[in-house]
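Undergrad: This is the structure, below, for whatever I ask next.
The values are calculated or read from the model by the stated rules, or taken from the named source; none is laboratory data. As the structure is a prediction and not an experimental result, all values here were calculated from the model. A quick note on method: Cβ atoms are made from the backbone with ideal geometry, for glycine too, and the neighbour counts reach across all protein chains shown.
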Amino acid sequence: MPLLKNNAFITDSWLHLGAEDALPEGGNVTIPFSRLKNEWESLAKFPGQLGAVLSNTDHAEDVAHFLPHLALVVLPFPAFVDGRAYSIARQIRLLGYRGELRATGNILPDQFQYMAQVGFSSFEVSERFPLESWQQASKQMSLAYQRGLYRRVGEAEVWSERHADTAPEPTPWEEQPHAG
Amino acid sequence: MYRYDEFDHQFVQERTAQFRDQANRRLSGALTEDEFRPLRLMNGLYLQLHAYMLRVAIPYGTLSSKQMRQLAYIADKWDRGYGHFTTRQNIQYNWIKLEDTADILAALAEVEMHAIQTSGNCIRNVTTDHWAGAAADEIADPRPVGELLRQWSSLHPEFSYLPRKFKIAVTGAPNDRAAVKVHDIGLRLHRNDAGAIGWEVMVGGGQGRTPMIAVTVRDFLPEKELVAYIEAIMRVYNLYGRRDNKFKARIKILVHEIGAEKFKAEVEAEYERRPEQTTHVEEKELQRIAAYFAPPAFEKLSRFSPAFEEAKLLHPGFARWARNNLAAHRVDGYTIVNISLKPEGGIPGDATSDQMRLMAELAERYSHDELRVSHPQNIILPHVKKDDALAIWQALVPAELATANYGLAGDIIACPGMDYCSLATARSIPISQAISRKFADLDVQEKIGPVKINISGCINACGHHHVGHIGILGLDKKGEEFYQITLGGSSAENASIGSILGPGFAGHEVADAIEKILTTYVKLRQPGEEFLYAYRRLGPQPFKEALYAAA
């Protein structure tokens, strides 16, 4: 499955381990979150980068403790109409996580911009859609009324624009020009 | 009235372009129907029994004359010359083509309207008191909060794929005309002992197959915190609302299953974690919006209008209409005109394009260019001089818009039922028509007094039968339509869910049954006692005897 990041298809540099798979010597590996919790004592000594694969019923506050040690968090959309991961993504960003946040599962272009706005930064997508359909989808709306969303160049928060004199400086996590 | 600024205009234009692209991709086959479905629903487009149905948002039920004329234009150009006003203050068109929809959305955008989130598992059009800004009992106009929430909820990236639909209603008056206790979130403005105003936040009300009255999660929330607090409620719901069974997916089930206290604790914990601790922007935005809702330039008039009193003496028909269809305005010399969309034998909530244009013209001439759509499916001219009431009535009579049954037995709420809806198990419209014919004599209706009769054509309860003083639910029993009657429901500040009276009736028996119930009430009531209170005092027994006692 192509991996979409920063407006391009890239090669996934991560090794995704299951519940039983042996750890490699180093490199980038993701671990299912339940295993990460159980084996944290040994995993904390892993010489490479660690990522966690969550389910959309995991609680952000349970993940909070591990976030400073993670370089990738993977959140699934089992069906594109199952919107739980949007809220978990926002919570994880609000907890201060700045690393890669990856959406997997049933990802479609018409939900892509929402995912970017809540903080997803990479997307495991289906071969069905060419790169330009993602590039188009990422520009569907240039305005949002809600505050505190992730934005890219050319996107504006309506309320903050209207009240630029009172709006506080955007907090750093809003500014990262990473998504899509 | 609220007016779009450059941002709002750009927003609806981009949204229209987005939908045009989505519809084209569907027509070309690039999108599957499963993928397109939630996208079209979030633009108000349903696939019904015979055609597509487009539901257009009328935020908090407020329309200008220009907007009403555009609705008439759409009815003529792309539908069959009429529209249907709904219980959530929207309008639906029943005969729409997918290919035309983007053009209709563009026509709406021209007059600062849209169909965003009138369907789908997202936050729906925010509704409010249809007499907002005019009612004599109002503490403050709730529409600025309605507009604030409209903007905040529009294309909310986090809350567009909720477990189920989500409805918010707002009232600024103690007499609740917005049914806030049977909404997913209900907001009620009130004053504390110090005279300050704040909002009671209620969660988990609803109808459908599991009717529930909302529970209060905050008694007195400062206005500037509304957005952040509701955001916390939405996040808790989005994370924990059930997704395994669509019939158990509304927030009321979550509140019920985990308990009000636990739910409240979850919301408060989420609220504590909110990213923006300051609310300066929300306060400024609310002030900006509120300026648009400044009262119109009312004239200084005497409370007593000799012309109005004289007209009532001269025209008995006008006197009756004035008695039933006018309501107290907060400003002396003014009145609220309630135009009934419930003529005898008509379809509740339907209006032709000619009727829409006439109401637009009357609003322009006599009501500071404003109209409202009400939750009970009528149209309101909110700011009318009593001196002008006769002229309005005279214009309404030939257009069949002067039925003097506002709030009476003929003022029935009904869903479209099996005549249009693909979910319905029985017809609603013919039942409504039969009842309105049964009570065609307005003397009889006036003698009975205020009563709310609500009809739903299936268990989803779009006709609000649970909260009708008299509720009628159409079901299917082995291929035959039959109708259950419930009594004692209310959607007002004294909200309650009605109780089933006994075995159901065949369609042709319903109107007679309603007549027996109301005859029994008239016989047993105390002086001045309205139906709902008489039922609460008497209980179901006398009504059961009247309906089911062996002949």
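Undergrad: Quick check on segment B:73-87. Is at least one of its residues on the phi > 0 side of the Ramachandran plot, surrounded by fewer than 23 Cβ atoms within 10 Å (Cβ to Cβ) and without any contact (Cβ under 8 Å) to a residue 12 or more places away in the chain?
TA: no
Undergrad: Looking for something of a type in the set (D, E, K, R) and at the interface with another protein chain (Cβ under 9 Å from one of its Cβ atoms) - is there at least one such residue anywhere in segment A:100-107? Quick ask: steps written out before the conclusion?
TA: Within segment A:100-107, the subset of a type in the set (D, E, K, R) is A:100, A:102.
Okay, now just the ones that are also at the interface with another protein chain (Cβ under 9 Å from one of its Cβ atoms), so none.
No, that holds for no residue.
Undergrad: Out of the residues in segment A:114-128 meeting the condition of being out of contact with any Lys or Arg (no Cβ under 9 Å at 6 or more places or on another chain) and more than 9 Å from chain B (Cβ to nearest Cβ), tell me which one is surrounded by the fewest Cβ atoms within 10 Å (Cβ to Cβ). Can you show your working first?
TA: Here is the first cut: in segment A:114-128, the residues out of contact with any Lys or Arg (no Cβ under 9 Å at 6 or more places or on another chain) are A:114-115, A:125-128.
This time we only want the ones that are more than 9 Å from chain B (Cβ to nearest Cβ), so: A:125-128.
Values: A:V125: 22, A:S126: 11, A:E127: 7, A:R128: 9.
Filtering segment A:114-128 for residues that are out of contact with any Lys or Arg (no Cβ under 9 Å at 6 or more places or on another chain) and more than 9 Å from chain B (Cβ to nearest Cβ), the one surrounded by the fewest Cβ atoms within 10 Å (Cβ to Cβ) comes out as A:E127.
Undergrad: Could you list, in sequence order, the residues of segment B:13-50 that are outside any helix (DSSP H, G or I) and closer than 17 Å to B:M113 by Cα?
TA: Taking segment B:13-50 as the starting set, the residues that turn out to be outside any helix (DSSP H, G or I) are B:29-32, B:42-50.
Result: B:M42, B:N43, B:G44, B:L45.
Undergrad: Now, a different point. Would you mention how many residues in segment B:506-535 are assigned to a loop (DSSP other than H, G, I, E, B) and crowded, with 18+ Cβ neighbours inside 10 Å? Write out each step before concluding.
TA: Taking segment B:506-535 first, the residues assigned to a loop (DSSP other than H, G, I, E, B) are B:525-530.
Okay, now just the ones that are also crowded, with 18+ Cβ neighbours inside 10 Å, so B:525.
The total comes to 1.
Undergrad: Now a separate question. Within segment A:124-138, how many residues turn out to be more than 18 Å from A:P78 (Cα to Cα) and without any contact (Cβ under 8 Å) to a residue 12 or more places away in the chain?
TA: In the first step, residues of segment A:124-138 are kept if they are more than 18 Å from A:P78 (Cα to Cα); the result is A:129-138.
Keeping just the survivors that are without any contact (Cβ under 8 Å) to a residue 12 or more places away in the chain gives A:130, A:132.
Result for segment A:124-138: 2.
Undergrad: Then there's this: Identify all residues within segment B:237-251 that are assigned to a helix (DSSP H, G or I), crowded, with 18+ Cβ neighbours inside 10 Å and in contact (Cβ under 8 Å) with a residue 40 or more places away in the chain; write none if there are none.
TA: Applying the first criterion (assigned to a helix (DSSP H, G or I)) to segment B:237-251 yields B:237-240, B:246-248, B:251.
So of that shortlist, the ones also crowded, with 18+ Cβ neighbours inside 10 Å come out as B:237-240, B:248, B:251.
Across segment B:237-251, the qualifying residues are B:Y237, B:N238, B:I251.
Undergrad: Follow-up. Provide a single number: the residues in segment B:507-534 that are farther than 18 Å from B:I455 by Cβ and in contact (Cβ under 8 Å) with a residue 12 or more places away in the chain. Let's see the steps before the verdict.
TA: Let us first name the residues in segment B:507-534 that are farther than 18 Å from B:I455 by Cβ, namely B:519-530, B:533-534.
Then drop every residue that is not in contact (Cβ under 8 Å) with a residue 12 or more places away in the chain, which leaves B:519-522, B:524, B:530, B:534.
So the count comes out to 7.
Undergrad: Across segment B:1-49, what is the number of residues that are of a type in the set (A, V, I, L, M, F, W, C) and more than 11 Å from chain A (Cβ to nearest Cβ)? Write out each step before concluding.
TA: Within segment B:1-49, the first condition is being of a type in the set (A, V, I, L, M, F, W, C), and the residues that meet it are B:1, B:7, B:11-12, B:17, B:19, B:23, B:27, B:30-31, B:36, B:39, B:41-42, B:45, B:47, B:49.
The next check asks that each one be more than 11 Å from chain A (Cβ to nearest Cβ); those that pass are B:1, B:23, B:27, B:45, B:47, B:49.
Total meeting the criteria: 6.
Undergrad: Considering each residue of segment B:1-59, count those that are farther than 20 Å from A:R128 by Cα and among the charged types (D, E, K, R), and give that number.
TA: Final tally of qualifying residues: 9.
Undergrad: Now for a different question. Here's a check for you: in segment B:150-180, which residue that is under 28 Å from B:G468 (Cα atoms) and of a type in the set (A, V, I, L, M) is nearest to the other protein chains (Cβ to nearest Cβ)?
TA: Selected residue: B:I168.
Undergrad: Now for a different question. Could you check segment B:39-85 and list, in sequence order, the residues that are among the aromatic types (F, W, Y) and either out of contact with any Gly (no Cβ under 8 Å at 6 or more places or on another chain) or in the same structural domain as B:N378 (by TED's automatic domain parsing) (or both)? Before you say what the answer is, go through the steps one by one.
TA: Here is the first cut: in segment B:39-85, the ones among the aromatic types (F, W, Y) are B:46, B:52, B:60, B:73, B:78, B:82, B:85.
If the condition is that a residue be among the aromatic types (F, W, Y) and either out of contact with any Gly (no Cβ under 8 Å at 6 or more places or on another chain) or in the same structural domain as B:N378 (by TED's automatic domain parsing) (or both), then B:Y46, B:Y52, B:Y73, B:W78, B:Y82 are the ones that fit.
Undergrad: Criterion first (within 30 Å of A:M1 (Cα to Cα), among the β-branched types (V, I, T), surrounded by fewer than 19 Cβ atoms within 10 Å (Cβ to Cβ) and more than 7 Å from chain B (Cβ to nearest Cβ)) does A:V153 satisfy it? Let's see the steps before the verdict.
TA: Details: within 30 Å of A:M1 (Cα to Cα): yes; among the β-branched types (V, I, T): yes; surrounded by fewer than 19 Cβ atoms within 10 Å (Cβ to Cβ): yes; more than 7 Å from chain B (Cβ to nearest Cβ): yes.
Considered against the rule, which asks whether it is within 30 Å of A:M1 (Cα to Cα), among the β-branched types (V, I, T), surrounded by fewer than 19 Cβ atoms within 10 Å (Cβ to Cβ) and more than 7 Å from chain B (Cβ to nearest Cβ), A:V153 comes out as yes.
Undergrad: Being buried (at least 20 other Cβ atoms within 10 Å of the Cβ) and among the aromatic types (F, W, Y) is the filter; apply it to segment B:3-34 and report the residue that is nearest to B:W131 (Cα to Cα).
TA: Ranking the qualifying residues of segment B:3-34, first place goes to B:F11.
Undergrad: Oh, and also: Going through segment A:1-31 one residue at a time, which ones are under 16 Å from A:A71 (Cβ atoms) and either hydrophobic (A, V, I, L, M, F, W, C) or part of a strand (DSSP E or B) (or both)?
TA: Residues satisfying the conditions are A:L3, A:K5, A:I10, A:W14, A:L15, A:H16, A:L17, A:L23, A:N28, A:V29, A:T30, A:I31.
Undergrad: Just to verify a result, which residue in segment B:270-329, among those that are among the aliphatic types (A, V, I, L, M), buried (at least 17 other Cβ atoms within 10 Å of the Cβ) and more than 30 Å from A:R162 (Cα to Cα), is nearest to the other protein chains (Cβ to nearest Cβ)?
TA: Ranking the qualifying residues of segment B:270-329, first place goes to B:A327.
Undergrad: Please determine, by comparing only the residues of segment B:1-12 that are touching a residue at least 60 places away in the same chain (Cβ under 8 Å) and assigned to a helix (DSSP H, G or I), which one is nearest to B:L54 (Cα to Cα). Before you say what the answer is, go through the steps one by one.
TA: In the first step, residues of segment B:1-12 are kept if they are touching a residue at least 60 places away in the same chain (Cβ under 8 Å); the result is B:1-4, B:8-9, B:11-12.
With the extra rule that they be assigned to a helix (DSSP H, G or I), the set shrinks to B:8-9, B:11-12.
Details: B:D8: 21, B:H9: 21, B:F11: 20, B:V12: 16 Å.
That would be B:V12.
Undergrad: Identify, from the list B:P222, B:P144, the residue that is over 29 Å from A:D82 (Cα atoms), surrounded by fewer than 24 Cβ atoms within 10 Å (Cβ to Cβ) and not acidic (D, E).
TA: On the way: B:P144 fails: surrounded by fewer than 24 Cβ atoms within 10 Å (Cβ to Cβ).
That would be B:P222, the only listed residue that is over 29 Å from A:D82 (Cα atoms), surrounded by fewer than 24 Cβ atoms within 10 Å (Cβ to Cβ) and not acidic (D, E).
Undergrad: Of A:Q136, A:Q111, which residue is facing another protein chain (nearest Cβ under 9 Å) and surrounded by fewer than 21 Cβ atoms within 10 Å (Cβ to Cβ)? Before the answer, list the steps.
TA: Working: A:Q111 fails: surrounded by fewer than 21 Cβ atoms within 10 Å (Cβ to Cβ).
Exactly one of A:Q136, A:Q111 is facing another protein chain (nearest Cβ under 9 Å) and surrounded by fewer than 21 Cβ atoms within 10 Å (Cβ to Cβ), namely A:Q136.
Undergrad: So, one more: All but one of (1) touching a Lys or Arg at 6+ places or on another chain (Cβ under 8 Å); (2) in a helix (DSSP H, G or I); (3) surrounded by 14 or more Cβ atoms within 10 Å (Cβ to Cβ) hold for B:I233; state the number of the condition that does not hold.
TA: Just one mismatch for B:I233, condition (1).
Undergrad: Please work out which residue is nearest to B:R164 (Cα to Cα), limiting yourself to segment A:79-99 and to residues that are more than 8 Å from every other protein chain (Cβ to nearest Cβ) and surrounded by fewer than 19 Cβ atoms within 10 Å (Cβ to Cβ). Outline the logic, then answer.
TA: Start the filter on segment A:79-99 by keeping residues that are more than 8 Å from every other protein chain (Cβ to nearest Cβ), which leaves A:79, A:85, A:89, A:92-93, A:95-99.
Now restrict to residues that are surrounded by fewer than 19 Cβ atoms within 10 Å (Cβ to Cβ): A:79, A:95-96, A:98-99.
Working: A:A79: 14, A:L95: 27, A:G96: 30, A:R98: 31, A:G99: 31 Å.
For segment A:79-99, the residue satisfying everything is A:A79.
Undergrad: Moving on. Does B:I91 count as touching a residue at least 40 places away in the same chain (Cβ under 8 Å), under 30 Å from B:P295 (Cα atoms), away from every other protein chain (no Cβ under 14 Å) and not charged (D, E, K, R)? Please lay out each step first, then the result.
TA: Working: touching a residue at least 40 places away in the same chain (Cβ under 8 Å): yes; under 30 Å from B:P295 (Cα atoms): yes; away from every other protein chain (no Cβ under 14 Å): yes; not charged (D, E, K, R): yes.
Yes: the conditions hold for B:I91.
Undergrad: Give me a count of the residues in segment B:227-269 that are more than 10 Å from chain A (Cβ to nearest Cβ) and on the phi < 0 side of the Ramachandran plot.
TA: The first filter runs over segment B:227-269 and keeps only residues more than 10 Å from chain A (Cβ to nearest Cβ), leaving B:229-230, B:232-233, B:242, B:244-268.
Adding the requirement that they be on the phi < 0 side of the Ramachandran plot leaves B:229-230, B:232-233, B:242, B:244-258, B:260-268.
Within segment B:227-269, residues that are more than 10 Å from chain A (Cβ to nearest Cβ) and on the phi < 0 side of the Ramachandran plot number 29.
Undergrad: Follow-up. Is at least one residue of segment B:108-119 under 19 Å from A:Q146 (Cβ atoms) and free of Cβ contacts under 8 Å to residues at least 60 places away in the same chain?
TA: Scanning segment B:108-119, I find no residue that is under 19 Å from A:Q146 (Cβ atoms) and free of Cβ contacts under 8 Å to residues at least 60 places away in the same chain, so the answer is no.
Undergrad: Taking A:F9 as meeting all but one of (1) surrounded by 16 or more Cβ atoms within 10 Å (Cβ to Cβ); (2) touching a helix residue (DSSP H, G or I) at 6+ places or on another chain (Cβ under 7 Å), write down the number of the exception.
TA: It is condition (1) that A:F9 fails.
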